[in-house]
Amino acid sequence: MGYLEVICGSMFSGKSEELIRRVKRVIIARKSVAVFKPAIDNRYDKNSVFSHDGRSVEAHVVDHLNPLAIEDILRQEDPDVVAFDEAQFFGPDIVGVIDRLVAAGKRVIVAGLDMDFARRPFGSMPVLMAMADEVTKLKAICAVCGEPATFNQRLINGRPASKKDPVIVIGGKDSYEARCRHCHELEEN
Ligand code: ZN
């Protein structure tokens, strides 16, 4: 029977580590798995889902707006389990792709940011969380006060970003840290 698992949370909350842990258990169980990540996430090695502790699993890096690339690979590999990392960056078509996979009996594991830096639900993640059989929301540690953190603090030249700043800046000079609700800052202008 198909099953949809969503792992969400802020940056530095261990989402990729949890995805890799689950994928490794699939491999130990001698089942096949295909891992996808969007080409937009170019922080690390192109073909691996890397966690911050350096462990990795091979992944297909695909155009985040072209579900046909994903479906081509799935037709070729016909894996038992399908995983998506950084799922917030995939276009809205990802919802239909995942819905069909689950209906076809696949276990699907999705990891992604549930909110952007302005505390807005991110991409298709809220829809996937609603559709999921199981949602795991992980917390990071607030970079300011050390309490559990659920928000992404975006800093541009050391100052809190504004709501009006674009969500995705490739090669931008901004930086991110995890913060709790009390310490999260957003310029309102
Ligand atoms: Zn805090």
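Pop out the carbon and sulfur fraction of the accessible area of the range 3-138 as a percent, whole number, probe 1.4 Å. Can you show the working numbers first?
Numbers: 3230 of 6270 Å².
On the range 3-138, the fraction of accessible area on carbon and sulfur atoms equals 51 percent.
So if we plug the beta-carbon distance of residue 187 and residue 65 into 1/(1 + (r/R0)^6) with R0 = 30 Å, what FRET efficiency do we get, rounded to 0.05?
On the way: r = 29 Å, r/R0 = 0.98.
My answer for the efficiency is 0.55.
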| remark: Per-residue accessible area, 1.4 Å probe, largest first, puts 13, 32 in the order 32, 13
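For the range 3-138, what is the accessible area per residue in Å², given a 1.4 Å probe and the full set of protein chains? If you can, show how the numbers build up before the last one.
Working: 6270 Å² over 136 residues.
Spelled out: the 1.4 Å probe surface of the range 3-138, per residue, equals 46 Å².
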| field | Relative intensity, log₁₀ I(q)/I(0), of the range 65-189 from a Debye sum that treats every alpha carbon as a point, q = 0.10, 0.17 Å⁻¹ | value | -0.39, -0.92
| said: For the range 57-114, report the % of Cα-Cα distances exceeding 14 Å. | reply: 53 percent
| field | Solvent accessible area, Å² - residue 135, 1.4 Å probe, full protein context | value | 70 Å²
| task | Considering only lysines 8 or more places apart in sequence, or on different chains, count the pairs in the chain whose C-alpha atoms sit under 21 Å apart. | result | 16
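In nm, what is the difference between 0.36 nm times the number of residues separating residue 76 and residue 104 and their Cα-Cα distance? Don't skip to the end; give the middle numbers.
Values: separation 28, 0.36 × 28 = 10.08 nm, distance 1.55 nm.
Separation in residues times 0.36 nm, less the Cα-Cα distance, equals 8.5 nm.
Under the 0.36 nm per residue contour assumption, what length would be gained going from the current alpha-carbon distance of residue 164 and residue 24 to full extension?
Residue separation times 0.36 nm, minus the Cα-Cα distance, leaves 46.4 nm.
Using a Förster radius of 41 Å, what is the FRET efficiency between residue 31 and residue 139 based on their Cβ-Cβ separation? Nearest 0.05, please. Display every interim value, and only then the final one.
On the way: r = 30 Å, r/R0 = 0.72.
The pair residue 31/residue 139 has a calculated efficiency of 0.90.
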| All-pairs Cα distance distribution in the range 3-138, expressed in whole percent, bin size 10 Å | 13, 49, 35, 3, 0
| When only Cα pairs under 8 Å and 6 or more residues apart are kept, what is the percent relative contact order across the chain? | 28 percent
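The values are calculated or read from the model by the stated rules, or taken from the named source; none is laboratory data. Bear in mind the structure is a predicted one, so any value in this text is a computation, not a measurement. Positions of Cβ are generated from backbone atoms using ideal geometry, with glycine treated the same way; all protein chains shown enter the neighbour counts. Each accessible area value is taken on the protein alone, full model and side chains, heavy atoms only, with ligands, DNA and RNA left out. Shrake-Rupley method; radii C 1.70, N 1.55, O 1.52, S 1.80 Å.
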